[in-house]
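This report concerns only the one structure given below.
The values are calculated or read from the model by the stated rules, or taken from the named source; none is laboratory data. Note that the structure is a prediction, hence the values are computed from the model and not measured. As a convention, Cβ positions derive from the backbone with ideal geometry for all residues, glycine included, and neighbour counts pool all protein chains shown. These accessible areas exclude ligands, DNA and RNA; they are computed on the full protein's heavy atoms, side chains included. Shrake-Rupley method; radii C 1.70, N 1.55, O 1.52, S 1.80 Å.
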Amino acid sequence: MTESLYGPDQAQGIWVYLEQQGGQLEGVSLELLAMARELADETSAELTGVLLGDDVEALANDAVAHGADRVLLGQDPELAQYRTEPYARVVTALVAEHKPDIFLLGATPDGRDLAGRLAVRLRTGLTADCTNLALEDDSRLLLGEVTGFGGGILATIKCEQHRPQMATVRPGVFTTGAPDESRKADIQRVNVILLAEDDRVEVLERVTEEGADLTRSKVIIAGGRGTRGDFSLLEELAELLGGDVGATRVAVDEGWIGRDRQIGQTGFATRPDLAILCGISGAMHFTVGVEKAETVIAINSDPEAEIFEHADYGVADDLFQVLKPLVDQIKQAQAR
Amino acid sequence: MTTKETATDVLTLDDAAWEQVVQATGGAAAPCYQCGVCTASCPWGLVKDEPISVRKLMHSAQLGVDGWGDALWLCTTCGLCEERCPRGVPITDVIRSLRSVAWRQRNEPAELRTLLWGTYWDGNPWGRPPSQRNQWASDLELPRFSAEDEVLYYVGCTASYDRRMQKNARALVALFREAGVRFGTLGDDEPCCGESVTSVGNREYAQEIIDSTAQLFEEVGAATVVTTSPHCYEMFARRYPNLSDRFKPLHYTQYVAQLIDEGRLSFEHEMPMRVTYHDPCYLGRHSGVYDEPRRILEAIPGIELVEMDHNRAEALCCGGGGGRMWTETPAGERFADLRAIEAAETKAEALVTACSSCISCLDDSLKTSGMEMPVFDVAEVAAMALNAKPAEAEPVGAPA
Amino acid sequence: MSGTNHRDLRIICCVKVVPRPEEVSVDQDTMTIDRANARSIINPPDMNLLEMALQLKDQHGGEVILLSMGPPLFDEYLRVGLSLGADSAYLLSDRAFGGADTLATSYTLAQGIRRIRDERGCDLVLCGEESSDGATAQVPPGIAEWLDMPQVTYAGELSLVDGHLHAVREVKGGHEVLKAPLPAVVSVRVGVNEPRFIDFERKAWAENEAPVTVWAADDLDLDTEAIGLTGSPTSVSGLGQARSVERRREVIEGTPEEEARALFEQLQTFLRVRA
Ligand SMILES: Cc1cc2nc3c(=O)[nH]c(=O)nc-3n(C[C@H](O)[C@H](O)[C@H](O)COP(=O)(O)OP(=O)(O)OC[C@H]3O[C@@H](n4cnc5c(N)ncnc54)[C@H](O)[C@@H]3O)c2cc1C
Ligand SMILES: Cc1cc2nc3c(=O)[nH]c(=O)nc-3n(C[C@H](O)[C@H](O)[C@H](O)COP(=O)(O)OP(=O)(O)OC[C@H]3O[C@@H](n4cnc5c(N)ncnc54)[C@H](O)[C@@H]3O)c2cc1C
Ligand code: SF4
Ligand code: SF4
């Protein structure tokens, strides 16, 4: 068996990788802190956040407020933008020094990029894109719940002998806790030592404020002719759920929304975790574009509409009358 | 590679292309004398400022030059130009042949590749899971075809997977059962007939599909094969080898009309409805089947059939053939919009047709133009008529 | 694209063959994944990487080499790739490779790549974004680490400029443009292109003559402790059917307010998704 840098007997503590962009911690990092806090309390372990970047000290305080007992803060102009190799270099050194037992990262593009590299460098196991985490009863091993085969199969994965037990976690599966500004914790600045070879890849340009790319959207609120051109509630709902608005060809043809929002045979094939389809009849030319969605909700005033055959949950009612209270409830819940 | 000057508006000749084009078209364009009737006939001229120059396409086929641009892929293979051509040029076959050259040169529109891969991996151009092909009939307990059956019912890819079109297939099953037809299907093992691949012109792949589907038909002892779609029918009738003396492909309208003639199927009850019938290109112009669907409709007491301005051989295409179901046609350029207006002008209560592409396109255009006219398949209307009770003669789904 | 001297580009394409997801089920008694009756396909994202590789070959010339780890039945699928335009294929096939997690899979593939690199050269390793079965997306960065090559994951566009790779890579909410030296490992975003169809002029060759070299464990320079089940730190401790391929088709009924409330309950997990 390939051996990891250290074994279970030396390992201690739970680590969360704190991904940041544009002066903010990623939502999934906060969610992980909340979840990891519970695991840490359950096992009386210390919860450490690992934060890399340039001039990101303020974010360390956010991490503390969200539950970290300690933040390892690595700052360097070379770390200003995420790049696989410099980040992997710094994190590897920290892991080798502190020997965490569990190491969690968000399953974002950058999180998966880094985790995949690190796991091999550390010669340890990595559980991908978890939809839940738990500790096994007696062993206290980390159990990661993952899906495979297009969401059809659930598997629980563990890593018995190798440390750290690594996992990436899908954004949105855990709830962000309320920040507690009174929490005090140890913010440790760490040395950043990079090698020349870490500089192989150069970032020529980075743009993060782009329009929706429906093929990558995780949440899609789509409207058809039934909206009669009023997409305002759909947009509001999309905003609340961190998603994007899509449409049928009819809605696009009517000029209610741009062609970059068309879903279907001659539009985009989408693969969101959630699609809410409003006032859409369910023509095959449309439904082929949402068949890979994990969960589909349909709202259509016609109880006989085909779309209900393509939905996990169907509401046969006027879309405006249903969306309005739904949006209100979500707003209330989020205000709390 | 050498280039020669020619006197045409197409400037260069390239030997490799020449060989490919001439070989692919097999001289089919030779009789063309460049009169331009085809260009003038093409419905694209009705929706676009610039009609597609069919004449030039034929000329390039004669000369063996390539470089046809988008025009080649706009063609819906509706056959209207062919119908009118004074020289009998098989224009749609020439166009398919030119497309086959374009595939070889890798000049095909990228979106058409999904149709081929869908057929390759999934056995249907829609790329739907093969294990779900027979799901539409899960509650119908359809028997598996055996050689003793009267009919092999070939459902086809679209009627198998498109929920709207499944209704046509279910209606047809109801008609078969009413007439006591001994029929079976091939269930999940039903192969694609290869029509979409043929119409977008990937000739080599189409031939593979034809060979393997024909082989399967032979193995199961298919004789009378009844199809839901006119496209599948045209394939079996015109592009498949004659499998045996008994091999007899029929479109369902032909078969149902025959059942009526034989007295095996009749409609007892009155179903008052004014309908107009749209001739699908592949049933009408390509296969010459104009009367049978009309005869079925007229066999239903109460049905009043009114014709649109353009009907039979002159019918206007829905815009869905020739691979156009896989490519976007901008609003304002859809033939079906024009056809919807013609249909509305008849003041019919319903538009009836016998092809899934026509239903998709016409229904879409009728709705988009705000016309409240339902679109039915002939089989659906006939099945409704079977169920029509003397008391409530209103057809299901038709406006009051 | 101009400005490259890369006349003899060697692109290794990692291609996986996967069972059709809707034909796989969990055998609850043995707690194993039952894929015996499932038909196979080329991992759909890998079709996108093949198209990317073939476009690079069209522009710069060179060779496209397929590499896969799996049972002998993969041979047939590699030949599909050859009929599209790939030049040769390697299949790493040995019972000892079975049961590998991503650490062992990426190691085995990396050792295959090393041997190909030694024998034929290698400028670029292309992978798919993720597989449609395990879907970890961990193999590409894993290969890069084993080979000590730079990596670019989620790449949408690739070009070669003055012997360097320029890649447009997806990041949250946008993209970045990266410049990397060759050789590099790239995972190609699913759906970035429409994969070309079979080239019928190559088909007979691809099916009958094209070289598909099979390497067993002995043919590679391997640490036998690092492959297959033995070399895999992770293990599966539970399996379940998450949902059937069918939609649930549950109907929510009531007044609009009640329906909204019921939807709200269903949305709980998504409500946490906040940018
Ligand atoms: C070649 C071709 C390609 C096509 N490609 C695409 C494509 O890529 N994408 C695509 O979407 N379509 C495509 N179409 C069109 C497709 O066939 C359908 O016509 C279209 O998807 C229907 O859009 P819709 O559901 O918005 O409209 P409709 O079919 O008119 O449905 C509107 C629905 O809204 C419901 N409704 C009305 N009012 C309300 C209300 N107040 N509350 C709730 N529900 C209400 C109605 O009951 C109805 O079911 C294509 C068609 C063709 C022919
Ligand atoms: C439901 C399920 C969950 C799993 N979860 C985990 C997990 O959390 N952690 C873990 O370590 N393992 C996991 N595995 C095992 C993992 O799937 C295998 O290790 C597999 O061999 C490689 O991973 P992948 O399929 O996820 O590939 P990915 O990393 O998703 O594949 C990306 C690309 O790598 C290339 N590639 C991958 N495999 C091959 C191959 N055999 N041949 C050629 N190229 C290839 C392809 O280009 C592919 O597109 C899981 C398996 C299943 C079935
Ligand atoms: S109508 Fe016939 S003869 Fe006239 S240009 Fe067209 S193809 Fe040629
Ligand atoms: S077949 Fe129809 S669409 Fe094609 S060129 Fe002729 S008239 Fe035009």
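Starting from residues that are among the hydrophobic types (A, V, I, L, M, F, W, C) and in a strand (DSSP E or B), keep the ones in segment A:116-145 and report whichever is nearest to ligand 1 (Cβ to nearest atom).
Looking only at segment A:116-145, we keep the residues that are among the hydrophobic types (A, V, I, L, M, F, W, C), and these are A:118-120, A:122, A:126, A:128, A:130, A:133-135, A:141-143.
Next, from what is left, pick out any that are in a strand (DSSP E or B): A:126, A:128, A:130, A:133-135, A:142-143.
Working: A:126: 38, A:128: 32, A:130: 34, A:133: 38, A:134: 40, A:135: 45, A:142: 43, A:143: 41 Å.
Applying the filter and picking the extreme gives A:128.
Filtering segment A:5-21 to residues that are open to solvent by less than 20 Å² (accessible area, probe 1.4 Å) and either within 11 Å of chain C (Cβ to nearest Cβ) or part of a strand (DSSP E or B) (or both) leaves A:6, A:14, A:15, A:16, A:17, A:18, A:19.
Please note which strands (runs of 3 or more DSSP E) are completely contained in segment A:146-198 and include at least 2 residues that are among the hydrophobic types (A, V, I, L, M, F, W, C).
On the way: elements: A:153-159, A:165-169, A:186-189.
Filter on segment A:146-198 gives A:153-159, A:165-169.
Contact map, segment A:33-52: first residue more than 17 Å from residue A:130 (Cα to Cα), second residue assigned to a helix (DSSP H, G or I) and among the hydroxyl-bearing types (Ser, Thr, Tyr), Cβ cut-off under 6 Å, separation 6 or more or different chains; pairs are A:52/A:87. Considering the conditions (1) facing another protein chain (nearest Cβ under 7 Å); (2) more than 11 Å from ligand 2 (Cβ to nearest atom); (3) under 15 Å from the mean Cα position of the chain (by Cα), residue A:114 is excluded by exactly one of them, (1).
Looking at segment A:22-37, can you tell me whether even one residue there is in a strand (DSSP E or B) and assigned by TED's automatic domain parsing to the domain that holds residue A:177?
The initial filter retains those residues of segment A:22-37 that are in a strand (DSSP E or B), namely A:24-25.
Next cut, assigned by TED's automatic domain parsing to the domain that holds residue A:177 only: A:24-25.
Looking through segment A:22-37, at least one residue is in a strand (DSSP E or B) and assigned by TED's automatic domain parsing to the domain that holds residue A:177.
Please specify each residue of segment A:199-219 satisfying the condition of being under 27 Å from the mean Cα position of the chain (by Cα) and in a loop (DSSP other than H, G, I, E, B). Spell out the reasoning first.
Here is the first cut: in segment A:199-219, the residues under 27 Å from the mean Cα position of the chain (by Cα) are A:201-219.
Result: A:201, A:208, A:209, A:210, A:211, A:212, A:213, A:217, A:218.
Among the residues of segment A:283-325, the ones that are closer than 17 Å to residue C:22 by Cα, of a type in the set (D, E, K, R), open to solvent by 20 Å² or more (accessible area, probe 1.4 Å) and at the interface with chain C (Cβ under 7 Å from one of its Cβ atoms) come to 0 in all.
Being within 7 Å of chain A (Cβ to nearest Cβ), crowded, with 19+ Cβ neighbours inside 10 Å and in a loop (DSSP other than H, G, I, E, B) is the filter here, so list the residues in segment C:207-241 that pass it. Within segment C:207-241, C:231, C:233 meet the criteria.
From the list B:81, B:75, the lone residue that is within 19 Å of residue B:195 (Cα to Cα), modelled with pLDDT of 95 or more and of a type outside the set (D, E, K, R) is B:75.
For segment B:321-340, the candidate set comprises residues that are within 11 Å of ligand 1 (Cβ to nearest atom) and of a type in the set (Gly, Ala, Ser); within that set, the residue that is farthest from the other protein chains (Cβ to nearest Cβ) is B:321.
For segment A:203-215, how many residues meet the condition of being charged (D, E, K, R), farther than 20 Å from residue A:84 by Cβ and surrounded by 14 or more Cβ atoms within 10 Å (Cβ to Cβ)? Please lay out each step first, then the result.
The initial filter retains those residues of segment A:203-215 that are charged (D, E, K, R), namely A:205-206, A:209-210, A:213.
Then keep just the ones that are farther than 20 Å from residue A:84 by Cβ; that gives A:209-210, A:213.
Imposing the further condition that a residue be surrounded by 14 or more Cβ atoms within 10 Å (Cβ to Cβ) reduces the set to A:213.
Qualifying residue count, segment A:203-215: 1.
Pairs meeting the criteria (first residue in segment B:35-56 and open to solvent by 30 Å² or more (accessible area, probe 1.4 Å), second residue within 16 Å of ligand 1 (Cβ to nearest atom), beta carbons under 9 Å, at least 6 apart or on different chains) are B:46/B:316; B:46/B:335; B:46/B:338; B:48/B:74; B:48/B:333; B:50/B:44; B:51/B:43; B:51/B:44. Output yes when any residue across segment C:32-51 is surrounded by fewer than 22 Cβ atoms within 10 Å (Cβ to Cβ), over 23 Å from residue A:147 (Cα atoms) and away from chain A (no Cβ under 14 Å), and no when none is. Yes: one or more hits.
Just one of the listed residues (A:180, A:137) is surrounded by fewer than 22 Cβ atoms within 10 Å (Cβ to Cβ), over 17 Å from residue A:9 (Cα atoms) and without any contact (Cβ under 8 Å) to a residue 60 or more places away in the chain, and it is A:137. For segment A:269-287, the set of residues classified as within 8 Å of ligand 1 (Cβ to nearest atom) and touching a Lys or Arg at 6+ places or on another chain (Cβ under 9 Å) consists of A:279, A:280, A:281, A:282, A:283, A:284, A:285, A:286, listed by residue number. In the set B:133, B:128, only one residue is more than 19 Å from the chain's Cα centre (by Cα), within 14 Å of chain C (Cβ to nearest Cβ) and open to solvent by less than 10 Å² (accessible area, probe 1.4 Å); that residue is B:133. For segment B:303-332, the candidate set comprises residues that are closer than 15 Å to residue B:368 by Cβ and more than 20 Å from the chain's Cα centre (by Cα); within that set, the residue that is farthest from ligand 4 (Cβ to nearest atom) is B:331. Counting only helices (runs of 4 or more DSSP H) that fall entirely inside segment B:190-269 and contain at least 2 residues that are in contact with a strand residue (DSSP E or B) (Cβ under 9 Å, 6 or more places away or on another chain) and more than 30 Å from residue B:113 (Cβ to Cβ), the qualifying elements are B:252-261. Of the residues making up segment B:13-38, those that are more than 7 Å from ligand 3 (Cβ to nearest atom) and either among the β-branched types (Val, Ile, Thr) or assigned to a helix (DSSP H, G or I) (or both) are B:15, B:16, B:17, B:18, B:19, B:20, B:21, B:22, B:23, B:24, B:25. Remark: residue B:101 falls outside the filter, which requires a residue to be buried (at least 23 other Cβ atoms within 10 Å of the Cβ) and away from chain C (no Cβ under 13 Å). In segment B:75-90, of all residues being without any contact (Cβ under 8 Å) to a residue 60 or more places away in the chain and in a helix (DSSP H, G or I), the one that is surrounded by the fewest Cβ atoms within 10 Å (Cβ to Cβ) corresponds to B:84. Does residue B:52 qualify as being within 14 Å of ligand 3 (Cβ to nearest atom), at pLDDT below 95 and of a type in the set (A, V, I, L, M, F, W, C)? Taking the combined requirement at face value, the residue satisfies it.
Here residue B:195 meets each of (1) open to solvent by less than 10 Å² (accessible area, probe 1.4 Å); (2) touching a His at 6+ places or on another chain (Cβ under 7 Å) with one exception, condition (1). Suppose we keep only residues that are open to solvent by 30 Å² or more (accessible area, probe 1.4 Å) and away from chain B (no Cβ under 14 Å) within segment C:172-204. Which one would you say is nearest to residue A:212 (Cα to Cα)? Only one residue fits best here, namely C:173.
If you go through segment C:147-157 and keep only what is part of a strand (DSSP E or B) and either facing another protein chain (nearest Cβ under 9 Å) or crowded, with 24+ Cβ neighbours inside 10 Å (or both), you end up with C:151, C:152, C:153, C:154, C:155.
Set side by side, the residues C:56, C:126, C:92 differ, and just one is surrounded by fewer than 24 Cβ atoms within 10 Å (Cβ to Cβ) and among the aliphatic types (A, V, I, L, M), which is C:56.
Taking segment A:151-200 as the search range and keeping residues that are facing chain C (nearest Cβ under 7 Å) and of a type in the set (A, V, I, L, M), which one is nearest to residue A:49 (Cα to Cα)? By that ranking, first place goes to A:173.
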